[in-house]
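Visitor: Submitted below is the structure of interest, expressed as structure tokens.
The values are calculated or read from the model by the stated rules, or taken from the named source; none is laboratory data. Remember, it's a predicted structure, so these values are computed and weren't measured experimentally. Positions of Cβ are generated from backbone atoms using ideal geometry, with glycine treated the same way; all protein chains shown enter the neighbour counts.
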């Protein structure tokens, strides 16, 4: 190994973040002055969520495993996971000795990585900061922003929010959403190939459903999932349902999903490889649930999205989204609108994606290469303006 290269360590805990980051990781790996290493943990090592570590191992990246996962389906397990992962990650980072730690988004493993980087005086670079949602993910995302040294937001609006949080503007580089790189630059598997792999009928409409638990609403997770599945059962259309993530409430949702395996038009999967998932989005007639991919990636496919509940509340979006509550009738009506309303479908066909141009991977690699690692980078200063107004007490 050429030890003069800058070593970048990326932390991944789910099929989703790894798939979104493939272009960035490839650009780092192929950069002449950068080396990439990856730590995989969490859902990647859980059999009930598809053991996706096996998918990662098919790539050529250097991968380390940390066996920390979610023991139970509750909030306590989420908190325990972060604590356990911090302990294990500290030793592994000391062993790897990276020059930078790279993180995406808002999950617990990313927060743990930011904490470890801050305390070990290793610069942290963070993608997708400055965004707004309505769950505990918001807290984690903004905490990572305050711990990170380099900010790589997807949009100008997100960059402005990071400045409002007191971060110095020179640390901020708008790079776009990495999830668009594969969509805009790579050839996706054909519809025939994906339908064969997933046992789908290419001549029939395809609904895509992916719904995650909302951490502040886990007591309602079972009911929320049932409302969605009842809407799907009522419409009797060919539907691909993908398991939720391992956050609190996820297992309760999975138990509900399993009850609908009796319907021949419902196809249930623990996980789908990211490249096939993108192709599935491309060929689907409508997407249902609360996944961020319905907000960030779906506009690039002009895919109508029925976004359910509060999980994506506040996130920038295009004209392809219909927002509804966790209510069977609302979901049914929204799906019908997405499929047949000429005004809405006309807007969807013309919608523009606000999240970038498909060149994020190259931008990130170049930024990580040219950033100077010095005292100025590591010693963060808060850029808050002087508050002159009286604070209420």
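Visitor: State all residues of segment 125-144 that are surrounded by fewer than 23 Cβ atoms within 10 Å (Cβ to Cβ) and farther than 19 Å from residue 291 by Cα; if no residue qualifies, say none.
Guide: 142, 143
Visitor: Among 167, 156, which is outside the structural domain of residue 332 (by TED's automatic domain parsing) and buried (at least 24 other Cβ atoms within 10 Å of the Cβ)?
Guide: When all the criteria are applied, what remains is 167.
Visitor: Considering each residue of segment 240-286, count those that are over 16 Å from the mean Cα position of the chain (by Cα), surrounded by 20 or more Cβ atoms within 10 Å (Cβ to Cβ) and assigned to a strand (DSSP E or B), and give that number.
Guide: Adding up the residues that qualify gives 4.
Visitor: Condition test on residue 292, is it surrounded by 15 or more Cβ atoms within 10 Å (Cβ to Cβ) and more than 18 Å from the chain's Cα centre (by Cα)?
Guide: no
Visitor: Considering every residue within segment 299-310, establish whether at least one is in contact (Cβ under 8 Å) with a residue 12 or more places away in the chain, under 15 Å from residue 209 (Cα atoms) and assigned to a helix (DSSP H, G or I).
Guide: no
Visitor: Of the residues that make up segment 96-110, is at least one free of Cβ contacts under 8 Å to residues at least 40 places away in the same chain, within 21 Å of the chain's Cα centre (by Cα) and in the same structural domain as residue 370 (by TED's automatic domain parsing)?
Guide: yes
Visitor: Here's another thing I want to ask about it. Could you tell me whether segment 19-32 includes any residue that is touching a residue at least 60 places away in the same chain (Cβ under 8 Å), within 17 Å of the chain's Cα centre (by Cα) and closer than 30 Å to residue 255 by Cβ?
Guide: Scanning segment 19-32, I find at least one residue that is touching a residue at least 60 places away in the same chain (Cβ under 8 Å), within 17 Å of the chain's Cα centre (by Cα) and closer than 30 Å to residue 255 by Cβ, so the answer is yes.
Visitor: When you scan segment 1-113 for strands (runs of 3 or more DSSP E) that lie fully inside it, which ones turn up with 3 or more residues that are surrounded by fewer than 22 Cβ atoms within 10 Å (Cβ to Cβ)?
Guide: Strands (runs of 3 or more DSSP E) meeting the threshold: 34-40, 62-65.
Visitor: Yes or no: residue 213 under 30 Å from residue 81 (Cβ atoms), touching a strand residue (DSSP E or B) at 6+ places or on another chain (Cβ under 8 Å), assigned by TED's automatic domain parsing to the domain that holds residue 288 and surrounded by 21 or more Cβ atoms within 10 Å (Cβ to Cβ)?
Guide: Against the criterion (under 30 Å from residue 81 (Cβ atoms), touching a strand residue (DSSP E or B) at 6+ places or on another chain (Cβ under 8 Å), assigned by TED's automatic domain parsing to the domain that holds residue 288 and surrounded by 21 or more Cβ atoms within 10 Å (Cβ to Cβ)), residue 213 does not qualify.
Visitor: Return a yes/no flag: does segment 184-197 have any residue that is out of contact with any strand residue (DSSP E or B) (no Cβ under 6 Å at 6 or more places or on another chain), at pLDDT 95 or above and more than 26 Å from residue 52 (Cβ to Cβ).
Guide: So far as segment 184-197 goes, no, none of its residues is out of contact with any strand residue (DSSP E or B) (no Cβ under 6 Å at 6 or more places or on another chain), at pLDDT 95 or above and more than 26 Å from residue 52 (Cβ to Cβ).
Visitor: Filter segment 158-204 down to the residues that are under 19 Å from the mean Cα position of the chain (by Cα), in contact (Cβ under 8 Å) with a residue 24 or more places away in the chain and in a loop (DSSP other than H, G, I, E, B) and list them by number.
Guide: Correct list: 175, 176, 177, 178.
Every residue, every condition in (1) more than 20 Å from residue 291 (Cα to Cα); (2) assigned by TED's automatic domain parsing to the domain that holds residue 103; (3) modelled with pLDDT under 90, yes or no:
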{"residue": "14", "(1), (2), (3)": "no, yes, no"}
{"residue": "22", "(1), (2), (3)": "no, yes, no"}
{"residue": "30", "(1), (2), (3)": "yes, yes, no"}
{"residue": "35", "(1), (2), (3)": "yes, yes, no"}
{"residue": "47", "(1), (2), (3)": "yes, yes, yes"}
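Residue by residue, here is whether (1) buried (at least 17 other Cβ atoms within 10 Å of the Cβ); (2) modelled with pLDDT under 95; (3) under 24 Å from the mean Cα position of the chain (by Cα); (4) not assigned by TED's automatic domain parsing to the domain that holds residue 32 holds:
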residue	(1), (2), (3), (4)
319	no, no, yes, yes
324	yes, no, yes, yes
329	no, no, no, yes
332	yes, no, no, yes
346	no, no, no, yes
364	yes, no, yes, no
